[in-house]
1. Label-point separation (nm) for Arg322 and Thr348, each offset 7 Å from Cα along Cα-to-Cβ?
2. Using Cα positions and a limit of under 20 Å, work out the aspartates and glutamates in reach of Lys335, with same-chain residues fewer than 8 apart set aside.
3. To the nearest 10 square angstrom, how much accessible area does Asp253 have with a 1.4 angstrom probe?
4. Need one number: % antiparallel among DSSP beta bridges in the chain, to the nearest 5.
5. Treating only the Cβ of Lys, Arg, Asp and Glu as charged (+1, +1, -1, -1), what charge dipole size does the chain show about its Cα centre? Round to the nearest 20 debye.
6. Under 15 Å from the Cβ of Ala162, count the other residues' Cβ atoms, weight Lys and Arg +1, Asp and Glu -1, and hand me the total.
7. With labels modelled as points extended 7 Å from the Cα through the Cβ direction, what inter-label distance (nm, one decimal) is found for His53 paired with Arg236?
8. Hey, what number do you get for the chain at 222 nm if only DSSP H runs of n ≥ 4 count, each worth -39500 (n - 2.57), divided across all residues, to the nearest 500?
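The values are calculated or read from the model by the stated rules, or taken from the named source; none is laboratory data. Since the model is a prediction, treat every value here as computed from it, not as a measurement. Don't worry about glycine lacking a Cβ; one is built from the backbone with ideal geometry, like all the others, and counts go over all protein chains shown. The accessibility values were calculated without ligands, DNA or RNA, using every heavy atom of the protein model including side chains. Shrake-Rupley method; radii C 1.70, N 1.55, O 1.52, S 1.80 Å.
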Amino acid sequence: MPNVKAYSAASATAPLVPSTIPRRDPTEYDVQIKILFCGICHSDLHYARDEWHSVMPTVYPCVPGHEIVGRVTRIGSAVTTFKEGDRVGVGCLVDSDRSCPHCQSGLEQFCPNPIFTYGSPDQHLGGVTYGGYSDSIVVDQRFVLRIPTNLDLAGVAPLLCAGITTYSPLRHWGITKGKKVGVVGLGGLGHMGVKFAHALGAHVVVFTTSPNKKQDALRLGADEVVLSHHADEMSRHAGSFDFVLDTVSSDHDINAYINLLGLDGNITLVGAPEKPLAVSAFSLLFGRRSLSGSLIGGIAETQQMLDFCAAHDITSDIELIRIQDINQAYQRLLKSDVKYRFVIDMATLHQE
Ligand code: NAP
Ligand code: ZN
């Protein structure tokens, strides 16, 4: 059982620091992956700081990271789908019970017994699973994704969470040409939502609190950009949307965005703020509007999303960082100061 280098947090208030974690030797169906790049999702920060305590209390020490790309270094004796040297990815799930109706229909993210990439019971080593802020990982072949050869590896990492989390609801709600789609929050998830909605042919409007992101939003594929604190700009769009994707990571007035929906319009929450959001019944009653949520995506759909990205030449806009700068990156994430995803160059794990 090898020990590998990682970055971990010891408590909700502790910074991420260098550490060592165990990884199992590959069993029959396992793929061992040398991690080359790992994206930083806002969920990593929520989890490291135990902000989801009431739903999913953090187990310390924790090693976040679920936007993993790398190369296969070893395979188990029964692995047929991957070979040494392959470019692969791992997202938020590393296993599930594989037998429930959701697993059987490719919706592993809704399995009652999911094994998330970090913080879930580790059935092999005991304790909990450790994520991608580490040198390597060992994952059952069924939860490993194939990375298309034409895409830049570092830019692919965020697709494993930010990509699938925005692609899945856009597909579920039937977004196609002619639909008017709002994307709230231009961060890691939001900027992928804009790219996908644009590629699907929708008329895309970005709602942002950051005036300095306006030009970028248009470049990323938005048709219009609205500064959400400008009441007159907001009211111009009232009642006009088919679909709104809310990616906001902290407390905000969701009614302002529900009111953007037209008749039978839907707003889907993918953002997971620490505190509950207050919903005015009247925002939903008028217009028979609906509010729903969405959680990442299943393994087959994640592969479909990667292949869609290959066909449309889509990757994430990233800022590559050294792992030694991870705590500063977390600080900047809290200030919405990221364009548009931090990705860790994992080679820096071996530098002083
Ligand atoms: P992020 O990069 O930090 O982006 C969040 C964006 O929300 C910010 O860039 C900012 O955009 C906007 N924002 C922040 N605070 C705001 C406020 N108070 N009011 C209005 N807008 C605000 O985060 P992320 O990685 O994209 O993740 C977003 C959320 O999705 C997190 O809560 C994360 O945990 C969750 N998530 C959920 C899933 C899922 O499966 N459902 C998967 C991954 C992540 P502007 O500067 O444009 O305003
Ligand atoms: Zn994530």
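1. A separation of 0.7 nm, rounded to one decimal place.
2. Reachable aspartates and glutamates: Asp44, Asp50, Glu51, Asp216, Asp246, Asp251, Asp253, Glu274, Asp317, Glu319, Asp325.
3. Spelled out: Asp253, probe radius 1.4 Å, area about 90 Å².
4. On the way: 32 of 58 bridges.
Among the beta bridges of the chain, antiparallel pairing accounts for roughly 55 percent.
5. Working: 29 positive and 36 negative charges, 79 e Å.
It comes to approximately 380 debye.
6. Working: positive: Lys195, Lys339, Arg341; negative: Asp44, Glu67, Asp246, Glu301, Asp317, Glu319.
Around Ala162, the surrounding residues sum to -3.
7. Modelled inter-label distance: 4.4 nm.
8. Working: 11 runs with 83 residues, N = 352.
Helices in the chain give a 222 nm mean residue ellipticity of -6000 deg cm²/dmol.
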